[in-house]
Amino acid sequence: MDWSWDRAWEIAPELFTRGLAVTLQATLGGAVLAFTLGLALALLLRSRRPWVRLPVRGFVEVVRSTPLLAQLFILYYVFPSTFGITMSALTTGIVGLGVHYATYTAEVYRSGIDGVPRGQWEAAVALNLPRFRTWTGVILPQAIRRVLPALGNYLIGIFKESPQLALITVVDVLGLARILAAEDFRYLEPLTLAGLFFLVIAIPSSILVRRLERRLEHG
Amino acid sequence: MNTDETPWMIRFDKVVKRYGDNTVLRELDFHVRPGERVTLIGPSGSGKTTILRLLMTLEKVSGGLIEVDGECLTHIRRGDKRVPADEKHIRPIRRKIGMVFQQFNLFPNMNVLRNITEAPVRALGRPRAEAEAKARELLDMVGLADKALEHPSRLSGGQQQRVAIARALAMEPEILLLDEVTSALDPELVTGVQDLLRDIASSSDLTILCVTHEMGFARDISHRVLMFDQGQIVEDGPPEKIFSDPAEQRTRDFLQAVIQT
Ligand SMILES: Nc1ncnc2c1ncn2[C@@H]1O[C@H](COP(=O)(O)OP(=O)(O)O)[C@@H](O)[C@H]1O
Ligand SMILES: [Mg+2]
């Protein structure tokens, strides 16, 4: 089968408007949730109270040791009937991606928080800074700065995993490529374009993350 | 009202500090008067830092109690029992204490001015403008008026330590704890910081507890020197006496060793 520029030009606009919009929503929505919920989980995991810490730890372990796809199915097929919670396919996908990756970013934040030197905590105590302000003004800004590259890598990860949402009927760039291919059984152009799209975003993003890493290392 | 006012600014009463089964302080007693400047000397590991950290509430006592300005820092009464103090009890007392660390511990996510105003604004509720005016006065005093908007990492060690001193003073403490504050500095920066501290000491009525290996500085700054060994006070006296005519062999050995290095 030969590459057809005509076919490529024909499908590109739809692929990169409708499909792209869904991919970006899923990625950014999932990332925002993963980054905020992950921070909340990281803080809960540091709780001194076992009845806070242990259930959260259990939840994190369960989510991490099961496939994202299983979680998406549960959210999409089980939640509506069992808990009466119904969300659109895309929202379900965002929640699934967000919660799944939150259990990983939680670990990232934990290492970032642990990496803040003890002297910073001690200076905050010596200055009688309130505990809350110590977190928001001293510890978290330093911890988050340290983990920005790791979070960036997870953002790319979420982006690359987002096509899994196709299995709960979300039509992203890749899903749309498959639909377009099915129209005339020409798979080459839509799948190539979709693949290129992921490459074109992921490679420069990885380079940016590596640059950020280097910049943070050097002060 | 305050008829039985205590004359002590700091009182250690049979203070015990253990790390695991390593007993660092055993039933340590000592008192410091308001405005008194006391230097703690002694071999490494003798517990000097531990004493400052206990006062700063960075560590908890394993036994005994500590009073600051007549109030118990370590315990509260509950009924007729004494229980370890909680954060709520500690805060107003800790307000009276400031500390300067060997490693400065400036906040790297804030500029110099913000390092100094953060606690007055957030812990004392001072208006930002007022805190900044005060911070600029302090920066002027420590000789860094032009560095207010600089990032700490762009300052030399000596300058960073001056900022840390200004930051501690911005909280208007009554007690200042200095733990080997020039040990991390390049040799040529030591005198500048020491001169600054000498000025601060002589122009204020701060109570100062100072740990240092610089005996000249200790002699200048302190009213009283406590020689520690293995968590106990070996000798207690004015610097003239301790440095020129120590009574104890252990003090003599220690001073001999310090002078040689
Ligand atoms: N966090 C800690 N955990 C265990 N042991 C400690 C800790 N801090 C200090 N120590 C021990 O306490 C003793 C006294 O230490 P320190 O107060 O730092 O002495 P100095 O300041 O006089 O050199 C040392 O034996 C040290 O190993
Ligand atoms: Mg020490």
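Things to note:
- Counting DSSP beta bridges with both ends in segment B:124-261, the antiparallel % (nearest 5): 50 percent
- Considering only chain B, percent of DSSP beta bridges that pair antiparallel, nearest 5: 60 percent
- The protein assembly as shown: Cα Rg divided by the 2.2 N^0.38 Å rule of thumb: 1.33
- Cα centroid separation, segment A:142-180 to segment A:57-133 (Å): 16 Å
- Each Cα pair under 8 Å and six or more residues apart adds its separation to the average, and for chain A the resulting relative contact order is 31 percent.
- Prolate/oblate/rounded label for chain B (Cα gyration tensor, a/c 1.5): oblate
- Across B:Lys48/B:Lys241; B:Lys96/B:Lys134; B:Lys60/B:Lys81, pairs whose alpha-carbon gap is larger than 24 Å: none
- Against chain A, whose longest principal axis is taken from its Cα atoms, helix A:140-161 shows a tilt of about 20°.
- By the count of other C-beta atoms within 10 Å, a proxy for reagent exposure, A:Asp6, B:Asp220, B:Asp179, B:Asp140 are ordered fewest to most as A:Asp6, B:Asp140, B:Asp220, B:Asp179.
- The protein assembly as shown - share of DSSP beta bridges that are antiparallel (%, nearest 5): 60 percent
- 0 to 90° range, to nearest 10: angle between helix A:89-114 axis and chain A longest Cα axis: 40 degrees
- Neighbours of A:Arg48 by Cβ distance under 13 Å: Lys/Arg scored +1, Asp/Glu scored -1, total +3.
- Net lengthening on full extension, A:Arg46/A:Leu188 (0.36 nm per residue, minus Cα-Cα): 46.1 nm
- Angle of helix A:5-14 to the longest C-alpha principal axis of chain A, folded into 0 to 90 degrees and rounded to 10: 50°.
- From the alpha carbon centroid of segment B:24-51 to that of segment A:5-26 is 73 Å.
- Residues of segment B:37-75 with amide N under 16 Å of a point placed 7 Å along Cα→Cβ from B:Arg18: B:60-65
- Cα gyration tensor shape of segment B:212-261, rounded if a/c is under 1.5, else prolate or oblate by comparing a/b with b/c: rounded
- Placing R0 at 35 angstrom, the Cβ-Cβ distance between B:Glu137 and B:Arg78 gives a FRET efficiency of 0.25 after rounding to 0.05.
- The tail of the calculated P(r) for chain A, taken as Cα-Cα distances beyond 30 Å, holds 37 percent of the pairs.
- The per residue volume of the convex hull around the alpha-carbon atoms of segment B:123-258 is 133 Å³.
- Exposed loop positions in chain A were taken to be chymotrypsin sites (Phe, Trp or Tyr not before Pro) whose DSSP state is not H, G, I, E or B and which have at most 15 other beta-carbon atoms within 10 angstrom. Between these positions, the longest stretch is A:4-184.
- The loop-placed trypsin sites (Lys or Arg not before Pro) in segment A:29-76, going by DSSP, that have at most 15 neighbouring Cβ atoms within 10 Å of their Cβ come out as A:Arg46, A:Arg48.
- Sites A:Glu14 and B:Glu87 - FRET efficiency at Förster radius 51 Å, r taken between beta-carbons, to 0.05: 0.25
- GNM result for chain B, Cα springs below 10 Å: residue of B:Met215, B:Met227, B:Met99 fluctuating most strongly: B:Met215
- In this structure, B:Glu240 and B:Leu149 have a Cβ-Cβ separation that, at R0 = 60 Å, corresponds to a calculated FRET efficiency of about 0.85.
- All other residues whose Cβ lies under 12 angstrom from that of A:Leu24 are scored, Lys and Arg at +1 and Asp and Glu at -1, for a net of 0.
- Shielding by partners for peptide B:97-104, expressed as the average number of C-beta atoms from other protein chains within 10 Å of each residue's C-beta, is 3.
No lab work stands behind these numbers, since they all come straight from the coordinates. As the structure is a prediction and not an experimental result, all values here were calculated from the model. Methodologically, a virtual Cβ is constructed for each residue, glycine included, from the backbone with ideal geometry; neighbour enumeration extends over all protein chains shown.
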